[in-house]
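Some notes on the structure that comes next.
The values are calculated or read from the model by the stated rules, or taken from the named source; none is laboratory data. Everything numeric in this text was worked out from a predicted model, so none of it was measured. Here the Cβ is made from the backbone with ideal geometry for all residues, glycine too, and neighbour counts use every protein chain on show. For accessibility, only protein heavy atoms count, side chains too; no ligands or nucleic acids. Shrake-Rupley method; radii C 1.70, N 1.55, O 1.52, S 1.80 Å.
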Amino acid sequence: MSAKLTAEIKSRLDHPIIDADGHWLEYGPVFGEQLRKVGGDKAVAGWTAVGGGTRAALAMSVAERARHRISQEAFWGHPSKNTRDLATALFPRLLYERLDEIGLDFAVIYPTGGLRVPRVGDGETRRAACHAYNIVTAEYFRDFADRMTPAAIIPMHTPEEAIAELDFAVKQLGFKVAMFGSLMDRPVEAVGKLEGEAARFAVWHDVIGLDSPHDYDPVWKRCLELGVAPSFHSGHRRAGLRNSPSNFVYNHIGHFAAANHAACKAMFLGGVTRRFPGLNISFLEGGSGWAAMLYGDLLSHWEKRSRQGLEEVDPRNLDRAVLADLAGKYGSDEFRAMVRERGGHPYPDEEKLTGGVADLDDYAACRISRKEDWRDLFVTPFYFGCEADDPSNVWAFNTRANPLGARLNAIFSSDIGHFDVPDMTEVVPEAYEAVEKGLMTQEDFRDFTFGNVVRLFGRNNPRFFEGTRVAKEAAALLGASETRAAAE
């Protein structure tokens, strides 16, 4: 029934549907041996470090996890009752054959177990696992390039390892999509070297774009040179406020949004999009609700905390005579005495207590001087992966509510292959419900499922869709976008 409904919806559209974030499942017993053949024991060690931690946590009792402060992990995470969908996620050839039934003209396919490989702690095994993973994945999908393209996984513990794997993945293996690690665990230096379980509590999360011990600008520069739009698919459900030992849903809800919020905010305030115009960046699977809130928060904070906004709270601008006069009329004897003792200023040390930062303007790296800067630095370069059933998808297109009438770049991200999609043929109808309910226009839906995805990958790589089923439509859209940009 869903497949028939999908076909009916597709017949009403004047554009293809591109999935910006589907998933395949790596079958461990077979996949591990394939990794061993190309990467040796180190690659297998990196791969098993991911699944081993999950299995170990699920083997514990709730009381054991509470004692060790280990979160309840995902269990029963793949389609099972719908056995054909499970097989579809396991076998790329079956997915390829079913794309029309699902309603997808083209799909970008991300890993499942591979999502966490770039964050494996040990450097040698991490690099070996990522390298071997990309080799095996490229071979899995090589025959299906006209309808699907897989994502390479790029470790980001250092810029050097990221660039090395990115070069190999793009130049040698032909990848067009790259998933970068973020929220790297770094040791807290003041704690010193800890051993055993205590070590995992003495870390901070490097958000890459801001306050990192490494300079990642060479990575973004290399992305532009290679025509790659970096994507982030990190989660954050095993730490902080998402560390319930008993309830997976508690840990899962909002964890992608939290990770994306941190990474996107860092990229913006760190000035990455200012220094690298033309670089598009996607943040996947967290929806657009957090993005709309972040955009509004950044703009409203800029009005108060930019260099101009700080003039209103700069303690050096206090009129001490006015304060003394008002204190005389309305203050107690104690207050008046204290103000006199402090030279007419109730907080005389305030102007010196600024944290030792070189520039008090937290937006200094953005160099914002006009409203159009918000379009160039946030609205244009950032893209936000939204699942079909997420009601916040429509927020991205709400020009009446979004500051400066912005349309944020929401991109259709099916998440097929995972537990939240029990029937792959339902993702297009679920996404289209927003149109049927009058919450999204046909133009919005076109951008959501086609236009924004094309611009994400095609802005810096106009040849991205060459040789694919959607090549003609993508070229026409990119040509129109170039004409519009030139006119502006």
| query | Taking the radius of gyration and the Kirkwood hydrodynamic radius from Cα positions alone, what is the Rg/Rh ratio for the range 66-141, to two decimal places? | reply | 1.07
| query | What value, in deg cm²/dmol to 500, does the helix sum -39500 (n - 2.57) over DSSP H runs of n ≥ 4 give at 222 nm once divided by the residues of the chain? | reply | -13000 deg cm²/dmol
| note | With R₀ set to 51 angstrom, the calculated FRET efficiency between the beta-carbons of Asp143 and Glu351, to the nearest 0.05, is 0.15
| said: Let me check against my output: what whole-number percent is the relative contact order of the range 246-332, with C-alpha pairs under 8 Å and at least 6 apart? | reply: 26 percent
| task | Please report the Cα spread of the range 296-400 along all three principal axes, rounded to whole Å, starting with the longest. | result | 64, 31, 23
| task | Report, to the nearest 10°, how far helix 217-226 tilts away from the longest principal axis of the Cα atoms in the chain, using its own Cα long axis and a range of 0 to 90°. | result | 40 degrees
| said: With the crude spin-label approximation of a point 7 Å out along Cα→Cβ, what separation in nm comes out for Leu404 versus Leu439? | reply: 2.7 nm
| request: Pick out, in residue order, every one of the chymotrypsin sites (Phe, Trp or Tyr not before Pro) in the range 20-103 that is DSSP loop and has at most 13 other C-beta atoms within 10 Å; say none if there are none. | output: Tyr27, Phe75, Trp76
| note | For Val228, other-chain or 5+-apart residues with amide H closer than 5 Å (H placed, Pro excluded) are none
| Can you pull the accessible area of Arg305 for me, 1.4 Å probe, Å² to the nearest 10? | 110 Å²
| message | With a 1.4 Å probe and all protein chains left in place, how much accessible area per residue does the range 50-122 have, in Å²? | response | 49 Å²
| field | Cα-projected label distance for Lys81 with Glu466, points at 7 Å along beta-carbon direction, nm | value | 4.7 nm
| field | Rounded accessible area of Cys366 (nearest 10 Å², 1.4 Å probe) | value | 0 Å²
| query | So how exposed is Ser369, as accessible area in Å² (1.4 Å probe, rounded to 10)? | reply | 100 Å²
| task | Find which of Ala66, Val44, Ala138 sits farthest along the positive direction of the dipole of the range 37-195, computed with +1 on the beta-carbon of Lys and Arg, -1 on that of Asp and Glu, about the Cα centre. | result | Ala66
| request: Show Val203, Val428 ordered by accessible area, largest first, where the area counts protein heavy atoms only and the probe is 1.4 Å. | output: Val203, Val428
| Can you give the FRET efficiency for Asp314 and Val203, using 1/(1 + (r/R0)^6), R0 = 25 Å, r = Cβ-Cβ distance, to the nearest 0.05? | 0.10
| Extent along principal axes [Cα atoms of the range 56-197; Å; largest to smallest] | 54, 41, 20
| Nearest 0.05, what FRET efficiency do Lys221 and Arg93 give at R0 = 51 Å with Cβ-Cβ as r? | 0.85
| Accessible surface, 1.4 Å probe, highest first, among residues Val117, Val62, Val170 | Val62, Val170, Val117
| Of His345, Gly114, Pro462, farthest towards positive along the dipole that unit charges on Lys, Arg, Asp, Glu beta carbons give the chain | Gly114
| request: May I ask for the distance between the Cα centers of the range 201-262 and the range 49-81, given as a whole number of Å? | output: 21 Å
| message | Sequence gap at least 6, Cα distance under 8 Å: using those rules, report the relative contact order of the range 366-448 to the nearest whole percent. | response | 29 percent
| task | Run the numbers on the range 93-215 and let me know its relative contact order in percent, using alpha-carbon pairs under 8 Å that are six or more apart. | result | 22 percent
| message | Ignoring ligands, DNA and RNA, please state the percent of accessible area on the chain from carbon and sulfur, probe 1.4 Å. | response | 54 percent
| message | For the chain, what does the convex hull of the Cα positions come to per residue, in cubic angstrom? | response | 190 Å³
| said: Under the 0.36 nm per residue contour assumption, what length would be gained going from the current alpha-carbon distance of Leu323 and Val188 to full extension? | reply: 44.2 nm
| Given charges of +1 on the Cβ of Lys and Arg and -1 on the Cβ of Asp and Glu, with all other atoms neutral, how large is the dipole of the range 102-161 about its Cα centre, in debye to the nearest 20? | 180 debye
| Hey, if you put +1 on the Cβ of every Lys and Arg and -1 on every Asp and Glu Cβ in the chain, which of Gly227, Phe91, Gly479 ends up farthest toward the positive end of that dipole? | Phe91
| In degrees, nearest ten, helix 123-141 long axis to first principal axis of the chain (Cα) | 40 degrees
| query | Given H placed on each backbone N at 1.01 Å, which residues far from Ala107 in sequence or on other chains put an amide H within less than 5 Å of it? | reply | Asp19, Met148, Thr149
| Under the Karplus relation 6.51 cos²θ - 1.76 cosθ + 1.60, θ = phi - 60°, what is the ordered set of whole-Hz ³J(HN,Hα) values for the range 435-447, x standing for Gly and Pro? | 6, 5, 8, x, 8, 9, 7, 4, 5, 4, 5, 5, 5
| request: Please list, in chain and number order, the residues 5+ apart from Val177 or on another chain whose amide H is under 5 Å from its amide H, with Hs placed from the backbone. | output: Ala152
| task | Compare Asp297, Asp362, Asp423 by solvent-accessible area with a 1.4 Å probe and give them largest first, with all protein chains kept in place. | result | Asp362, Asp297, Asp423
